[in-house]
Amino acid sequence: MKIRHTLLLAALGATLATPGMAQFAKPEDAIKYRKNALFVMSQHFGRLGAMAQGRVPFDAKVAAENAVVLETVSKLPWAAFGEGTDKGDTRAKPEIWKETAKFNDAADKMQAEVAKVVAAAKAGRADDLKAAFGGAAGACKNCHDNFRSQ
Ligand code: ASC
């Protein structure tokens with residue numbers, strides 16, 4: 001009995017510790033989750049972009065509010081690219097699971113570039129936001145060009 005409990009707990013621990021699919025009830029949920037996270041990210045990134053590109057006046061409060069959301073959301077999509085999520089309602093290319101290191105590098109690069117945007121926006125520094133925005137947009141585009149079908 002005691003051994004059984006130990007095994008059960010070990011199995012449960014391993015499941016909870018496994019990133020990716022273990023967090024989602026089914027592959028469709030993971031696909032929906034990452035698409036929605038990326039969509040929310042694009043909304044907040046876009047609002048900062050409008051200020052960075054001078055399409056709307058810089059507003060430090062609005063910039064900081066968007067930065068807080070962007071900071072969190074930029075970390076979310078990646079755990080949802082687990083095994084079995086390559087098929088279904090998705091434009092994710094097979095390369096994501098074939099060139100995993102390259103995909104992970106691209107995801108890391110995006111998060112690093114976004115972190116610069118977030119830091120500038122949180123600090124209310126319009127010039128730094130302007131300087132950082134292009135790098136982050138380029139990192140988004142790079143990943144889409146390589147890993148998302150048209
Ligand atoms: C956005 C958005 C993207 C990126 C990309 C940058 O605002 O929704 O996917 O920027 O267009 O090139």
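The values are calculated or read from the model by the stated rules, or taken from the named source; none is laboratory data. Here the structure is a predicted model, which means the values were calculated and not measured. All accessible areas refer to the heavy atoms of the entire protein, side chains included, with ligands and DNA or RNA removed. Shrake-Rupley method; radii C 1.70, N 1.55, O 1.52, S 1.80 Å.
Of note:
- Couplings for segment 109-126, taken from phi via the Karplus curve 6.51 cos²θ - 1.76 cosθ + 1.60 with θ = phi - 60°, read 4, 4, 5, 5, 5, 5, 4, 5, 4, 4, 4, 5, 5, 5, 7, x, 9, 4 Hz in order; Gly and Pro are left as x.
- On a per residue basis, the chain carries 61 Å² of accessible surface, using protein heavy atoms and a 1.4 Å probe.
- Nonpolar atom fraction for the chain, defined as the carbon and sulfur part of the 1.4 Å probe accessible area, stands at 60 percent.
- At full extension, Gln23 and Asn142 could sit 40.1 nm farther apart than now, given 0.36 nm per residue minus the alpha carbon distance.
- Rounded to whole Hz, the Karplus (6.51, -1.76, 1.60) HN-Hα couplings of segment 137-150, x for glycine and proline: 4, x, 5, 4, 5, 4, 5, 5, 4, 8, 10, 10, 7, 5
- Rg over Rh, two decimals, the chain (C-alpha only, Kirkwood Rh): 1.10
- Value of [θ]222 nm, deg cm²/dmol, for the chain, DSSP H segments ≥ 4, -39500 (n - 2.57) each, nearest 500: -23500 deg cm²/dmol
- Nearest 10 degrees, 0 to 90: helix 27-52 Cα axis against the chain principal axis: 10
- Those aspartates and glutamates that a straight Cα-Cα span of less than 15 Å connects to Lys122, excepting residues fewer than 8 apart in one chain: Asp59, Glu65, Glu71, Glu113
- Cross-link reach list, lysines versus Lys26, counting only Cα pairs under 24 Å and skipping chain neighbours closer than eight places: Lys35, Lys75, Lys87, Lys93, Lys98
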